[in-house]
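Participant: Take this structure first; my questions come after.
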């Protein structure tokens, strides 16, 4: 099992300001989240069925309890506060929490 | 780097028929794709910003060349043909290809 948090960002009005904030402030905050096992930042290479996202980020924990503990931690609250600032730069199209079964 | 293919499925009209087709036919096809490094099937636990998806699947390759080679292979064509059948059971809300940078 894997617990995952996905965020799909729409195109920012000012990509340079968004990228700077994301890389200089948001990434360091996310890296401090307790129990974080994997963190990927993806560019949308080709979207089928819908307009492309600007950024797709994925955070993984061992299970849903670890994910919840991270979101409830002081580091989680700091990240959430910064995420609210980020969303002033680029709207979030979707945020998704999944409980995954690993098939391969 | 990771190359990833995400599919977000909407709720099927007949969940039982969709699940049966997905597990009995689609999963075995996907598992035969060349170079596939990871394959996760996730249930949407809690959606923020939008209605929940029924299923979120992720396939990962080492890089975009490996992903493209898999999609162009005979196994890739067989999977795509079956994916078209699957979409008669549950509409795909989004299909996304990403080139990911691994941050953790």
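Participant: Taking each residue in B:88-97, count the Cβ atoms of any other chain within 10 Å of its Cβ, then average. What number comes out? Display every interim value, and only then the final one.
Facilitator: On the way: counts 0, 0, 0, 1, 3, 3, 10, 5, 12, 9.
Partner Cβ neighbours, averaged per residue: 4.
Participant: I would also like to ask the following. What nm distance separates the two modelled labels at residue A:49 and residue B:11, each placed 7 Å from Cα along Cα→Cβ?
Facilitator: 1.6 nm
Participant: Counting partner chain Cβ atoms within 10 Å of every residue's Cβ in A:55-61, what's the average? Each step should come with its number before you reach the end.
Facilitator: Details: counts 1, 6, 3, 8, 2, 2, 0.
Neighbouring Cβ atoms belonging to other protein chains average 3 per residue here.
Participant: Sort shortest first the distances from residue A:31 to its counterpart in every other copy, using label points 7 Å along the Cα-to-beta-carbon line, and give them in nm.
Facilitator: Copy-to-copy label distances at residue A:31, shortest first: 3.8 nm.
Participant: Okay, next question. Measuring nothing but label to label, 7 Å from Cα along Cα→Cβ, what are residue A:74's distances to the other copies in nm, shortest first?
Facilitator: For residue A:74, the other copies' label points sit at 6.0 nm, shortest first.
Participant: Along Cα-to-Cβ, 7 Å out, sits the label point; list in nm, shortest first, how far the one on residue A:17 is from those in the other copies.
Facilitator: When each copy's label point is compared with this one, the spacings are 5.0 nm.
Participant: Further question on the same structure: Mind checking A:25-31 for the average number of partner chain beta-carbons within 10 Å of each residue's beta-carbon? Don't skip to the end; give the middle numbers.
Facilitator: Values: counts 0, 0, 3, 0, 0, 2, 2.
Taking all residues of A:25-31 together, the mean is 1.
Participant: Report the residue, chosen from A:83, A:70, A:46, that carries the largest GNM mean-square fluctuation when chain A is represented by alpha-carbon nodes joined by springs under 10 Å.
Facilitator: A:46
Participant: Given points 7 Å out from each Cα along the Cα-Cβ axis, report the residue B:1 to residue A:1 separation in nanometres with one decimal.
Facilitator: Between residue B:1 and residue A:1, the label points sit 3.5 nm apart.
Participant: Which of the peptides B:18-27, A:95-104 is most tightly packed, and how do the rest follow, judged by the mean count of other Cβ atoms within 10 Å per residue? Walk me through the intermediate numbers first.
Facilitator: Working: B:18-27: 15.4, A:95-104: 17.7.
Highest mean packing first, the order is A:95-104, B:18-27.
Participant: Shifting gears a bit: On the principal axes of its Cα set, how long, how wide and how thick is chain B? Give whole Å, largest value first.
Facilitator: 36, 33, 16
Participant: What whole-number distance in Å separates the alpha-carbon centres of the range A:42-104 and the range B:5-22?
Facilitator: That distance is 22 Å.
Participant: Running a GNM on chain A with Cα contacts under 10 Å, which residue among A:72, A:51, A:40 ends up with the highest mean-square fluctuation?
Facilitator: Greatest mean-square fluctuation among the candidates belongs to A:51.
Where a number appears in this text, it was derived from the coordinates with a stated rule and is not lab data. Keep in mind that what you see is a predicted model, and the values were worked out from it rather than measured. Methodologically, a virtual Cβ is constructed for each residue, glycine included, from the backbone with ideal geometry; neighbour enumeration extends over all protein chains shown.
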